[in-house]
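Worksheet for the structure shown next.
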Amino acid sequence: MSNNKTIKLNSGKIISIRKQLDNKITTYWHIIRSENVMSKKALSAGQGSGLDLKALYNTITQLQETRIKIKGMLVCLNNGDTSFNYDKFKTTNNYNIFAAGEAKEAIAQLKMIKTLDPKIKAKKGLKNIGSVETFSSAKIAQLIKDLQLVANKFDSKLEEFNKKTEIDVTSNSDSIKDFLTI
């Protein structure tokens, strides 16, 4: 039994939702970046948000997927469409553009996360370091690698689209003739 409901949204509401998503995602990345490595003293003093950073990362990935949907809705409205089918949208070049962009943004954010130096951890041992980290440099490297594979997949689809998709221009094409090379 399908639980699909139709919701009517105008572009103003869709833009508002996108801005809310942007703000939440940015805030959550800032929390992860600032709290990934915390001193044991700060933790015992109850500093920081107290949020589970791994769960927060998962929330970010879900919010990014929602943001792709929201951007797709805006594309539909801008193209004059008044209905949005997410499954159909996922087969479009715009989906590939947005998905690649989200993966690349996550990679950039992950690269900004401070971690403990693996050499110092190995030398001193985790118990003798005055700090705790949630995401190790190895874990971040793995997340980046996984996201890069996702970005590569969508970049490849974009490249294929750009090479194979053509448009017939039938009017006012004189203005671009000088820029065409055969």
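The values are calculated or read from the model by the stated rules, or taken from the named source; none is laboratory data. This one's a predicted model, so the numbers in the text were calculated from it and none came from an experiment. With ideal geometry, Cβ positions are generated from the backbone for all residues, glycine too; neighbour counts draw on all protein chains shown.
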Q.
Condition (residue is among the basic types (Lys, Arg) and within 30 Å of residue 66 (Cα to Cα)) applied to the range 133-151: is it met by at least one residue?
A. yes
Q: Within the range 43-58, count every residue that is over 15 Å from residue 105 (Cβ atoms), in contact with a helix residue (DSSP H, G or I) (Cβ under 9 Å, 6 or more places away or on another chain) and assigned to a helix (DSSP H, G or I).
A: 2
Q. Could we say that residue 98 is surrounded by 17 or more Cβ atoms within 10 Å (Cβ to Cβ), out of contact with any Ser or Thr (no Cβ under 6 Å at 6 or more places or on another chain) and in a loop (DSSP other than H, G, I, E, B) here?
A. no
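Here are some residues: 131, 171. Which one is modelled with pLDDT under 95 and surrounded by 12 or more Cβ atoms within 10 Å (Cβ to Cβ)? Give the steps one after another, and end with the answer.
On the way: 171 fails: surrounded by 12 or more Cβ atoms within 10 Å (Cβ to Cβ).
On inspection, the qualifying residue turns out to be 131.
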Q. List pairs: first in the range 46-65 and without any contact (Cβ under 8 Å) to a residue 24 or more places away in the chain, second assigned to a helix (DSSP H, G or I), Cβ under 7 Å, 6+ apart or cross-chain?
A. 48/35; 48/42; 49/31; 49/35; 51/31
Q: Please determine, by comparing only the residues of the range 1-40 that are part of a strand (DSSP E or B) and surrounded by 15 or more Cβ atoms within 10 Å (Cβ to Cβ), which one is nearest to the chain's Cα centre (by Cα).
A: 37
Q) Looking at (1) more than 29 Å from residue 72 (Cα to Cα); (2) over 22 Å from the mean Cα position of the chain (by Cα); (3) part of a helix (DSSP H, G or I), can you tell me which one residue 162 breaks? A) (1)
